Amino acid sequence: MDDRNQLPSTAQVNMSDTSVLYCPTVPLSNGLQIPIFGLGTSHFGGYSHDAIVYALTECGVRHIDTAKRYGCEEKLGQALRESGIPRMDLWVTDKLWPGDYGYEAAKKACIDSCSQMGVKYFDLFLMHWPGSMRPGCSNREVRAETWRALEELYEEGVCRAIGVSNFLVHHLEQLKEDCGVVPHVNQVEYHPFQQPNKLKEYCQQEGIVFEGYSPLAKGQVLSNPTVLQIAEKYRRTPAQICIRWSIQNGVVTIPKSVKEKRIKENCQVFGFQLEELDMATLGSLHDERHVTWDPTDVE
Ligand code: NDP
């Protein structure tokens, strides 16, 4: 058996061959397949046109994660077109910033983001944060109102899948009570130092694909002695060990780099398998650390 196939059955991963990068996909509840590996983008130096084109054309990456917040939608659209990859072969995730929450604002923001990027639809559109950032308003009500706009965008085909980001169990439970469509994806912080396994289990039970961001803990995990030791054992880099660990846990992962060499390195995670013992050792590194932001106190 090809060792690339040895992923846990709980991950429900389907195998598909996408040009250079051999990347499994994870089925969403609506039947779409999200590539388990994608490339992140971000603000503050987190975007490079050349790096995106390189990832798409030289590494076979087909999944890109972005957000209005990152301020690169227009440039990203140019890079997608320059790559020459047909739109239907790409998976593009974008996110709605809380400043655009509310029914009318959300619909307008999504259409505006599409036109900024020069695309007709997003493969996945996420509510970026559970808080409405609107003083005096109930977060729950604003989330529900916003979600109804996303449901409509989904019905209209502007978004092929819709989801949330940084939502905890109570946010998801409230949304279930208030709305119709269960989010297809929940994108949250996930790396060896931050393993919200109860939330992951809940998502699995509810048919919500669990996607992990900051898989390298923004670089913090790369100098951890345990990670370095495991990397040496497999003759892989610490980044490859962490990305592979996410993938073997069935978690969709989106490491970000603006450097070509690192993008290539980060893609090379499908030709080896971490042993159960090493998976468990990495699993023991959880220390509740958040390297991005923490939604715990958002009501
Ligand atoms: P990551 O854990 O992906 O780490 C990125 C950092 O690691 C950068 O400094 C990068 O530097 C460096 N790096 C990348 N690859 C390597 C490598 N092979 N060796 C050494 N260093 C490396 O953190 P992010 O927070 O950027 O998360 C990834 C993506 O997740 C984001 O781009 C974004 O798309 C998404 N995200 C979503 C959030 C949400 O709220 N929904 C919040 C945060 C992130 P360099 O670029 O210089 O290579």
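Every number here is computed from the coordinates shown, using simple stated rules; none is lab data. A quick note: this is a predicted structure, and the numbers were derived from the prediction, not measured. Quick reminder, even Gly has a Cβ in these numbers, built from the backbone with ideal geometry, and neighbours come from all protein chains shown.
Please find, in a Gaussian network model of the chain (springs between Cα atoms separated by less than 10 Å), the residue of Thr93, Thr41, Thr226 whose mean-square fluctuation is greatest.
Thr226
By per-residue mean of other Cβ atoms within 10 Å, what is the highest-first order of 228-240, 118-130?
So the order, starting with the most tightly packed, is 118-130, 228-240.
Of the candidates Pro225, Pro24, Pro192, which one comes out as most mobile in a Gaussian network treatment of the chain with C-alpha springs shorter than 10 Å?
Pro225
Using θ = phi - 60° and the Karplus form 6.51 cos²θ - 1.76 cosθ + 1.60, what ³J(HN,Hα) does each residue of region 179-185 get, whole Hz, x for Gly and Pro?
Values per residue, Gly and Pro as x: 10, x, 7, 6, x, 6, 9 Hz.
How many times 2.2 N^0.38 Å is the alpha carbon radius of gyration of region 151-299?
My calculation over the Cα atoms of region 151-299 gives 1.12.
Which net charge results when you count Lys and Arg as +1 and Asp and Glu as -1 among the other residues whose beta-carbon is under 11 Å from that of Glu265?
Result for the local shell: +4.
For the chain, what are the per-bin percents of Cα-Cα distances with bins 10 Å wide, up to the bin holding the maximum?
6, 30, 37, 22, 5, 0
Lys68: net charge of surrounding residues, Cβ under 12 Å, Lys/Arg +1, Asp/Glu -1, itself excluded?
Its environment carries a net charge of -2.
Taking every DSSP beta bridge that has both residues in the chain, what percent is antiparallel when rounded to the nearest 5?
Among the beta bridges of the chain, antiparallel pairing accounts for roughly 25 percent.
List the residues whose amide H sits under 5 Å from the amide H of Trp91, counting only those 5 or more places along or on another chain, with H placed 1.01 Å from N in the peptide plane.
HN-HN under 5 Å from Trp91: His63, Ile64.
Amide H neighbours of Thr253 under 5 Å, counting only residues 5+ apart in sequence or on other chains, H built in-plane at 1.01 Å?
Phe37, Gly38, Gly212
Ranking request for peptides 53-62, 287-296: highest mean number of other beta-carbon atoms within 10 Å first, then the rest in descending order.
Final packing ranking: 53-62, 287-296.
If Lys and Arg each add +1 and Asp and Glu each add -1, what is the summed charge of the other residues whose beta carbon sits under 14 Å from the beta carbon of Gly118?
-1
So what is the 222 nm mean residue ellipticity for the chain from helices alone, if each DSSP H run of at least 4 adds -39500 (n - 2.57) and you divide by all residues, rounding to the nearest 500 deg cm²/dmol?
-11000 deg cm²/dmol
With a point put 7 Å past each Cα toward its Cβ, work out how far Trp293 is from Lys261 in nm, to one decimal.
So the two model labels end up 3.4 nm from each other.
How big is D for region 224-299, in µm² s⁻¹ as a whole number, if Stokes-Einstein is applied with the Kirkwood radius of its Cα pairs at 25 °C and 0.890 mPa s?
For the chosen part, D equals 179 µm²/s.
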